[in-house]
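The values are calculated or read from the model by the stated rules, or taken from the named source; none is laboratory data. What you are looking at is a predicted structure, and each value in this text was computed from that prediction instead of being measured. Here the Cβ is made from the backbone with ideal geometry for all residues, glycine too, and neighbour counts use every protein chain on show. Heads up: the accessible areas ignore ligands, DNA and RNA and are worked out on the full protein's heavy atoms, side chains in. Shrake-Rupley method; radii C 1.70, N 1.55, O 1.52, S 1.80 Å.
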Amino acid sequence: CMGREAGFLALHAGLAGGADAILLPEFGMDEHVLLSHISKVHREKKCAVICVSEATKLPRTNNRKVATHRTPDGSTRFGGSGEAIAKFIADSLKLDARHIVLGHLQRGAAPNAFDRTLSTVLGTHAVKVLCEKGDLRQRREKYQRRQLHKQMMYNEGRYEYEEDVYEEEDEVNGQVLDKAMRKEEDEGGVFVTWDGRNVQRIPLKDISGVDGKTVTANYPELVAAQALGIYCGNTD
């Protein structure tokens, strides 16, 4: 499962898909307990399903190593944990264990009504933000061109500031535009969110550098999975 250092996707996918074990990056695994659990499940059901998060610690590494690979551009990505777990189980229990990487198949189902509503609402408001920013820049550029034209006319003796009845209004508009532009620059863009009732714009500066959330031992879905007898690693 995707998810990088967080096991939310794997936990939810495993719980919804009827997995017998869910291995998460937040919790190390006890290899002996895992093998015993899989062996018991296999005897009872003749099969076992294990959901593995992409950043799950590899077996036989004392919960220290994560499977990674390098992409053509030189960056490092997680990948290979599922294959390593399958090989470990096959070698240890002498069973036919195979792995499959779902990848973007997790996102391949037909959208339901909620998906359509969410994408429509967020997409509309995101475009609205872009249009507002574009309009603000256009107004700013128009104001700057007007000020430049007035300065050129003044230098040529064809313009008197004191006779311009719009001078005070221009100054106010300029201050408003400057303030708006500074706010936009300080925000560094916005993140559009929807809580089901309201759309909010959160400045990117407020969320950049914030530590991501991870699955905790008292997470409701994890508690439910363990209550169903699903092995989820060392959560104690």
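From the residues in the stretch 79-93 that are free of Cβ contacts under 8 Å to residues at least 24 places away in the same chain and out of contact with any His (no Cβ under 9 Å at 6 or more places or on another chain), which one is nearest to Glu54 (Cα to Cα)? So, considering only residues that are free of Cβ contacts under 8 Å to residues at least 24 places away in the same chain and out of contact with any His (no Cβ under 9 Å at 6 or more places or on another chain), the one nearest to Glu54 (Cα to Cα) is Ala90.
Residue check: Ser53 meets all listed conditions (1) under 19 Å from Ile230 (Cβ atoms); (2) at pLDDT 90 or above but one, namely (2).
Only one of the numbered conditions (1) at pLDDT 75 or above; (2) out of contact with any Lys or Arg (no Cβ under 8 Å at 6 or more places or on another chain); (3) closer than 30 Å to His32 by Cβ; (4) not hydrophobic (A, V, I, L, M, F, W, C) is violated by Asn62, and that is (1). The residue list Ala55, Ala109, Ala48 contains one member that is open to solvent by 30 Å² or more (accessible area, probe 1.4 Å) and touching an Asp or Glu at 6+ places or on another chain (Cβ under 8 Å), which is Ala48.
Checking each residue in the stretch 64-78 for being in contact (Cβ under 8 Å) with a residue 12 or more places away in the chain and surrounded by fewer than 17 Cβ atoms within 10 Å (Cβ to Cβ) picks out only Thr68. Take the conditions (1) closer than 19 Å to Ala84 by Cα; (2) in contact (Cβ under 8 Å) with a residue 24 or more places away in the chain; Cys47 misses just one of them, which is (2). Counting only strands (runs of 3 or more DSSP E) that sit wholly inside the stretch 18-78, those with at least 1 residues that are within 27 Å of the chain's Cα centre (by Cα) and of a type in the set (A, V, I, L, M) are 21-23, 50-52.
Where helices (runs of 4 or more DSSP H) fall entirely within the stretch 159-236, those with at least 2 residues that are surrounded by 12 or more Cβ atoms within 10 Å (Cβ to Cβ) and modelled with pLDDT under 75 are at 167-187.
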